[in-house]
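Data first, discussion second: the structure below is written as structure tokens.
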Amino acid sequence: MGKGSDMFVAALENEGVDRVFGVPGEENLDLLESLRTSSIELVLTRHEQAAAFMAATYGRLTGKPGVCLATLGPGALNLSTGAAYAHLGAMPMILVTGQKPLMNGKQARFQIVDIVASMKPLTKMTRQIVSAASIPAMVRDAFRVAAEERPGPVHLELPEDVASEEVEDIPVILPHAVQPAIASAAALDIAAQAIMAARRPMVMIGAAGNRPALVEALSEFIGRTQLPFFNTQMGKGAVTGGSDRYMGTAALSEGDYVHEAIERADLIIAIGHDTIEKPPFLMKSAGGSQVIHVAYQSATVEQVYHPEIEVIGDIAATVAGLAERLAGRLTGDQGMLDLRQRILVRLNDRSEESRFPITPQRIVHDVRTVMPEDGIVCLDNGMYKIWFARNYRTHVANTLILDNALATMGAGLPSAMMAAMLYPARRVMAVCGDGGFMMNSQEMETAVRLRLNLVVVVLNDSAYGMIRWKQAVEGFPDFGMSFGNPDFVRYAEAYGAKGSRVTAVEDLVPVLEAAFAGGGVHLVDVPIDYTENTRVLVEELRNRTQNVECT
């Protein structure tokens, strides 16, 4: 005999769960006691949203579902943004929430919200557990659904009386590997023939390219075919940016320097592209490049993405099959390789400019200087994300963690905390705007309590900088974007962390190096000058486009 909560925790252990992130409430007390006596660590956060971001990032970096915990009502609703973050970003995650007892109503409707209904559009599956006897099967099914392509969040609601219910022991269901379907030889032949017929084929690596199991396969594919490639923001790093075939990252939808290569290509092989990302290029209905969609699932047809050829199945097997058909049979386009040099030179423009407050280009350059190849930079969401996506060269997969799907603010610090927990021997840095940082800045206490080694860079412009930039681009007056900030150095110290403020451009690298060398949690306040947004991302790119149209 045992409680339903004991059975639930045993089922989590059976899935290999080693950590649960969350904020428990009174409806979770049986589950909390079962966790206390288990092998699973409870990572107590200061807000449920941060717990969900951490669990989602665990799933993103490991390929295994992360688990987060909240109580009913307000606690469960605080997981909603994290659920959407994982759902749009294809990150496997299990959300566990409590609920009042099903079989008695002594508290009437107090705190009760229909969380199963609210989670339905935000998850792959949401279910209420109504019997302790069903727990082993429901937990196994939840992990299966969360992890299979396309990965994402699954929600389980565990009511208080089901958790406390005494039940005969029911064995757990052992996980088993599920091999994804493999594309047919005919589909591979059609794609290979189209690639060989093209004069200037190019590869685009999308978000799925950074699935942990795909990195080696994609690198081998590029190495064997010698095809030039670019990536979407979330596909960045799947194949090293140090490759002589790397053309850049599509941080904007059109008009950027990498789009010179995209416009030159007559065929684009889109590997693992998910249209949940902001479009990396705008596909034309006629007169544009032909597109081959290589993915686990068929393409979602959009106004800007409607591929003519699809190869559906396990991506690793697909690219291996294509490489067999293409290796040694393609003739490189010298014009594309010449263009590559011009693109990368433009991206390095003014990267060592000595202006203060510091420009985004210089910040990207200096962060790259202090981060080793396997160092992990986790971005919150703001204007700097565009600059890092364009200019930061990645050499190892999943070393620039950003969100180009939900694109929510507030995830940068929690995602970096998760990376620091998973990879304690590697340098980990969170890069946050002052707006995004303050949305979950309370997790500084969690990071200190967990004794993480983590550098938190706060880019300080006392405004919602990306929206202010868009406001100016659209010709609206400056309104509603400015705010005041705390003294970030003293704020960090109040949590028991360390703090530094950069007061000259030449101090950024030494301050970051000292922060890493000192260990622990260290916040670095960096004033940023965003005037480059307009000079480069509006005026310069507009001039480039006009020049292209005139030639």
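Select, from Thr57, Thr62, the only residue that is at pLDDT 95 or above, surrounded by 24 or more Cβ atoms within 10 Å (Cβ to Cβ), among the polar types (S, T, N, Q) and under 30 Å from His273 (Cβ atoms). Being at pLDDT 95 or above, surrounded by 24 or more Cβ atoms within 10 Å (Cβ to Cβ), among the polar types (S, T, N, Q) and under 30 Å from His273 (Cβ atoms) holds for just one of Thr57, Thr62, which is Thr57.
Taken over the range 66-89, residues that are surrounded by fewer than 23 Cβ atoms within 10 Å (Cβ to Cβ) and either among the small types (Gly, Ala, Ser) or in a helix (DSSP H, G or I) (or both) amount to 7.
Could you pull out the residue among Ala11, Ala86, Ala51 that is over 26 Å from Pro424 (Cβ atoms) and modelled with pLDDT of 95 or more?
Ala11
Checked against (1) free of Cβ contacts under 8 Å to residues at least 60 places away in the same chain; (2) in contact with a helix residue (DSSP H, G or I) (Cβ under 6 Å, 6 or more places away or on another chain); (3) part of a loop (DSSP other than H, G, I, E, B), Pro171 passes all but a single condition, namely (2).
Just to be sure, is Ile312 in contact (Cβ under 8 Å) with a residue 24 or more places away in the chain and under 21 Å from Arg199 (Cα atoms)? Even if it seems obvious, please write down each step before you answer.
Numbers: in contact (Cβ under 8 Å) with a residue 24 or more places away in the chain: yes; under 21 Å from Arg199 (Cα atoms): no.
Considered against the rule, which asks whether it is in contact (Cβ under 8 Å) with a residue 24 or more places away in the chain and under 21 Å from Arg199 (Cα atoms), Ile312 comes out as no.
Taking first residues from the range 18-29 that are in contact (Cβ under 8 Å) with a residue 12 or more places away in the chain and surrounded by fewer than 20 Cβ atoms within 10 Å (Cβ to Cβ) and partners that are charged (D, E, K, R) and part of a strand (DSSP E or B), the Cβ contacts under 7 Å between residues at least 6 apart in sequence or on separate chains come to Asp18/Glu41; Arg19/Glu41. Could you tell me whether the range 517-540 includes any residue that is in contact with an Asp or Glu (Cβ under 7 Å, 6 or more places away or on another chain), surrounded by fewer than 18 Cβ atoms within 10 Å (Cβ to Cβ) and assigned to a loop (DSSP other than H, G, I, E, B)? No, that holds for no residue. For the range 464-487, a residue qualifies if it is of a type in the set (S, T, N, Q) and either closer than 14 Å to Ile528 by Cα or in contact (Cβ under 8 Å) with a residue 24 or more places away in the chain (or both), and exactly one does: Asn485. Here is the figure for the range 407-463: residues that are touching a residue at least 60 places away in the same chain (Cβ under 8 Å) and either polar (S, T, N, Q) or outside any helix (DSSP H, G or I) (or both) total 23.
Please specify each residue of the range 354-379 satisfying the condition of being in a loop (DSSP other than H, G, I, E, B) and free of Cβ contacts under 8 Å to residues at least 40 places away in the same chain.
Glu373
The residue of the range 90-130 that is farthest from Arg46 (Cα to Cα), among those that are in contact (Cβ under 8 Å) with a residue 60 or more places away in the chain and surrounded by fewer than 19 Cβ atoms within 10 Å (Cβ to Cβ), is Leu102. Filtering Val377, Val304, Val311, Val364 for residues that are outside the structural domain of Ile467 (by TED's automatic domain parsing) and buried (at least 21 other Cβ atoms within 10 Å of the Cβ) leaves a single hit, Val311.
Yes/no per residue for (1) among the hydroxyl-bearing types (Ser, Thr, Tyr); (2) assigned to a strand (DSSP E or B):
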| position | (1), (2) |
| --- | --- |
| Ser5 | yes, no |
| Leu12 | no, no |
| Gly22 | no, yes |
| Asn28 | no, no |
| Ser38 | yes, no |
| Leu42 | no, yes |
| Met54 | no, no |
| Lys64 | no, no |
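Within the range 324-337, one or more residues are modelled with pLDDT of 95 or more and either within 23 Å of Arg264 (Cβ to Cβ) or within 24 Å of the chain's Cα centre (by Cα) (or both). So is Gly223 in contact with a Gly (Cβ under 8 Å, 6 or more places away or on another chain), farther than 30 Å from Ala10 by Cβ and either in the same structural domain as Asn28 (by TED's automatic domain parsing) or not aliphatic (A, V, I, L, M) (or both) or not? No: the conditions fail for Gly223. With a requirement of 1 or more residues that are under 22 Å from the mean Cα position of the chain (by Cα), the strands (runs of 3 or more DSSP E) lying completely within the range 223-322 that satisfy it span 229-231, 246-249, 267-271, 290-295.
The values are calculated or read from the model by the stated rules, or taken from the named source; none is laboratory data. These numbers were taken from a predicted model, which means no experiment stands behind them. Cβ sites come from the backbone with ideal geometry, for glycine too, and all protein chains shown count toward neighbours.
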